[in-house]
Amino acid sequence: MVDETQLASHAAAYAEHGYVLVKGLLDKAEARAYREESHALIERMNRDADPTWESARQLGMGDRTELKHCHDVQFHAAAFSRLLVDPRFTDVAAAVMGTPNVQLHHTKLFVKPGELGSPFPMHQDHPFFPHAKHSVGAAIFHFDDAPLEKGCVRVMPGSHRNGPLTHQPEGSWHLPYSDWPLDEATPCEAEAGDVLFFTYLTVHGSGVNTTSEARTTLLVQYRDPADPPTEDLHTHSLGQGMILRGIDPTSRGAAAAAAM
């Protein structure tokens with residue numbers, strides 16, 4: 001369990017910089033087991049579709065990149081369902097949002113294959129699913145090491161304080177390459193078991209995996225259940241609305257229980 005002092009430290013860093021890298025949230029054995037579960041799932045799915053953004057192909061690699069992924073992983077393997085409600089994760093998510101309640105938005109597994117794993121241009125997640133109170137955040141679980149050479153996540157510290165930025169929609173929402181160059185962003189190099197938390201207003205991207213080994217991560221997007229979406233976007237996520245910690249104070253059942 002994460003103690004209160006650590007939670008306060010994580011929340012302060014998140015508020016100031018827009019992100020916090022929590023070291024060793026999972027131990028090495030757990031991370032290795034989730035890596036095996038992830039690659040087995042990708043193998044079972046047997047999908048040829050490459051979700052690389054067209055805008056990412058403008059970063060110099062063209063069609064020579066590749067990405068493997070799976071949405072809604074908790075519907076395919078129980079191990080991921082257990083991870084979503086693990087207090088080590090949900091307590092940090094609650095602390096950085098400043099709410100006792102944590103609601104799932106969606107999950108997505110990413111595997112960047114060795115030597116050609118796709119990059120992501122700099123962007124905010126906000127344009128994909130804007131919310132009224134901007135509580136939405138992301139947790140990236142690292143199931144293997146993610147050094148710079150593997151195409152680790154890069155962030156622009158403090159960029160969340162700029163609020164929603166104007167994105168270019170072509171090839172998936174991204175910021176102008178010349179204004180937000182990937183190589184000027186801060187690398188968040190991570191080890192297996194580390195989890196990177198950041199707000200959906202934090203500008204971030206990632207580079208190409210140039211190593212011989214895959215980079216395996218699980219993205220969990222979460223929110224305060226009292227923060228409604230402002231547009232009806234991203235509704236295809238099967239698990240959206242699941243309460244991971246606390247309650248949904250906006251539901252009728254919660255209101256009735258509170259009144260008793």
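The values are calculated or read from the model by the stated rules, or taken from the named source; none is laboratory data. The shown structure was predicted, so the numbers you read here are calculated from the model rather than taken from an experiment. Quick reminder, even Gly has a Cβ in these numbers, built from the backbone with ideal geometry, and neighbours come from all protein chains shown. Protein only, heavy atoms only, side chains kept; ligands, DNA and RNA dropped before computing areas. Shrake-Rupley method; radii C 1.70, N 1.55, O 1.52, S 1.80 Å.
Of note:
- In the elastic network of the chain, a GNM with C-alpha springs shorter than 10 Å, the most mobile of Lys23, Lys112, Lys68 is Lys23.
- Selection from Tyr14, Ala226, Phe198 lying farthest towards where the dipole of the chain points positive, charges on Cβ: Ala226
- Protein-only accessible surface at a 1.4 angstrom probe places the residues Glu66, Glu231 in the order Glu231, Glu66, largest first.
- Relative protection proxy for 131-139, 188-196, from highest mean packing down: 188-196, 131-139 (other beta-carbon atoms within 10 angstrom).
- Sum of -39500 (n - 2.57) over DSSP H runs of 4+, divided by residues of the chain (222 nm, nearest 500): -7000 deg cm²/dmol
- Evaluating 6.51 cos²θ - 1.76 cosθ + 1.60 at θ = phi - 60° for every residue in the range 85-90, the Karplus couplings come out as 10, 5, x, 4, 7, 5 Hz, glycine and proline recorded as x.
- In this structure the chain gives 45 Å² per residue of accessible area when probed at 1.4 Å with all protein chains present.
- Of the peptides 241-248, 160-167, 141-148, 201-208, the order by per-residue mean of other Cβ atoms within 10 Å, starting with the highest, comes out as 201-208, 141-148, 241-248, 160-167.
- q = 0.30 Å⁻¹, the range 161-216: log10 I(q)/I(0) [Debye, one scatterer per Cα]: -1.40
- At q = 0.10, 0.18, 0.22 Å⁻¹, base-10 log of I(q)/I(0) for the range 124-233 (Debye sum, equal scatterers on each alpha carbon): -0.31, -0.96, -1.28
- Excluding same-chain neighbours fewer than eight residues apart, the lysines reachable from Lys133 by a Cα-Cα span under 26 Å are Lys108.
- Within a Gaussian network of the chain (alpha carbon springs, distance under 10 Å), most fluctuating of Thr210, Thr186, Thr235: Thr235
- Gyration tensor analysis over the Cα atoms of the range 100-187 returns equivalent ellipsoid semi-axes of 22, 19, 13 Å (largest first, whole Å).
- For the chain, size of Cβ-based charge dipole, Lys and Arg +1, Asp and Glu -1, in debye: 420
- For Ser9 and His234, a Förster radius of 30 Å and the Cβ-Cβ distance give a FRET efficiency of 0.45, rounded to the nearest 0.05.
- If the Kirkwood radius is taken over C-alpha pairs of the chain, then at 25 °C and 0.890 mPa s the Stokes-Einstein diffusion coefficient equals 132 µm²/s.
- Carbon and sulfur %, accessible surface of the chain computed with the full protein complex present, 1.4 Å: 52
- Once the Cα atoms are used to define both axes, helix 28-45 deviates from the longest principal axis of the chain by about 70 degrees.
- Förster-model FRET efficiency, 30 Å R0, Glu213 and Ser251, C-beta, rounded to 0.05: 0.10
- Put simply, the convex hull of the Cα atoms in the range 97-142 casts, on average, a shadow of 4.6 nm².
- Formal net charge of residues neighbouring Gln240 (Cβ-Cβ distance under 10 Å; K, R +1; D, E -1): 0
- Relative to the Cα centre, the charge distribution of the range 66-193, modelled as +1 at Lys and Arg Cβ and -1 at Asp and Glu Cβ, gives a dipole magnitude of about 500 debye.
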